[in-house]
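The values are calculated or read from the model by the stated rules, or taken from the named source; none is laboratory data. Just so it is clear, the structure is predicted and the values come from calculations on it, not from any experiment. Backbone-built Cβ (ideal geometry, glycine too); neighbour counts: all protein chains shown. Note: accessible area is taken over every heavy atom of the protein model, side chains too, but ligands, DNA and RNA are not part of it. Shrake-Rupley method; radii C 1.70, N 1.55, O 1.52, S 1.80 Å.
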Amino acid sequence: MHFTSEQRLDDGVLEREFTLGEIPGILWTPASPSAPVPLILLGHPPLGLRKMYPRLVARAKHAAADGFATATIELPGSGDRPRLPAAEQARADLRRAVEAGEPVSDEIIDALILPLVDKAVPEWQAALDALLSLPEIGGPVGYSGGVISIGIRLAVVEPRIVAAGFFAGSFVPRAMFEEARQVTIPLHVLLQWDDEVNDRQAALDLFDAFGSKEKTLHANMGGHTGVPQFAGDAADQFFTRHLK
């Protein structure tokens, strides 16, 4: 891990950009930590870190106020990283289906999501190796948001992640339902009831499939971008319970 820049934000949070090989990332740490702090990995959709930055930094500031470090990395095929031709084709097929009012096929969803999961999860694990080697980061570790299929795979294969907050707002390949049954860590799942880009019944079926003994579904009225502030507050409380 190589830090490329750092700045203090207006509330004292330290923001450091880094590279891990060719993968860009950002680490936020509380203003004056008295001891090594727990870490939350901030997932996000594959729209690029620069586009997602305002939402990510807002989440990071909230977490820092609760005593957590947060970090994120650029997803494969996003930002300035090389494009993934198969994913680009699947995204184009997805747009055509949505614009035509047609159902999105399992083939499109698989082509869009499964290669992304296969590439992204080992990169998140490499980032976690590097982050936990820093003296200011002590664990435990949580995962929050982003492409839910990435979170599912991480929850299954990465024992250092002890709790996860998922947003049921992205397409989920059928193959991921079997992996969901292997998830056992505590889960906090957010569902927008009227999400225009998400199949509500599929989201409910996925929640039912999770193998966790402790899992909570927070469903709110409204569309994909209409998540109420109190829903974020509930997620903050979830991580405070499980990471402190």
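Tabulated data for the structure shown
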{"read-out": "Surface/4 of the Cα convex hull for region 1-120, nm²", "value": "8.9"}
{"read-out": "Per residue Cα convex hull volume in Å³ - calculated over the chain", "value": "116"}
{"read-out": "Normalised contact order of the chain, rounded percent, pairs of Cα under 8 Å and 6 or more residues apart", "value": "16"}
{"read-out": "Compactness of region 70-116, expressed as Rg and Dmax over alpha-carbon positions, Å", "value": "12.4, 39"}
{"read-out": "Kirkwood Rh and Cα Rg combined as Rg over Rh, evaluated for region 158-228", "value": "0.97"}
{"read-out": "Per-selection Kirkwood Rh - region 7-77 (Cα, Å, 1 d.p.)", "value": "12.3"}
{"read-out": "Per residue, in Å², the accessible surface of the chain once ligands and nucleic acids are set aside, probe 1.4 Å", "value": "47"}
{"read-out": "Dipole magnitude (debye, nearest 20) for region 25-177, charges at Cβ of Lys, Arg, Asp, Glu", "value": "360"}
{"read-out": "Residue-span extension gain [Gln7 to Glu196] - 0.36 nm each, minus C-alpha spacing", "value": "64.3 nm"}
{"read-out": "Fully extended contour minus Cα-Cα distance, from Phe177 to Leu132, at 0.36 nm per residue", "value": "13.2 nm"}
{"read-out": "Whichever lysines have a C-alpha closer than 27 Å to that of Lys61, once near sequence neighbours (fewer than 8 apart) are set aside", "value": "Lys51, Lys215, Lys244"}
{"read-out": "Modelled FRET efficiency - R0 30 Å, Val98 with His62, Cβ distances, 0.05 increments", "value": "0.40"}
{"read-out": "Accessible area of region 1-158 belonging to carbon and sulfur atoms, whole % at 1.4 Å probe", "value": "54"}
{"read-out": "Estimated FRET transfer efficiency (Thr19, Gln89; beta-carbon r; R0 25 Å; 0.05)", "value": "0.30"}
{"read-out": "Contour excess over end-to-end distance, with Cα ends at Arg160 and Ser105 and 0.36 nm allotted per residue", "value": "16.4 nm"}
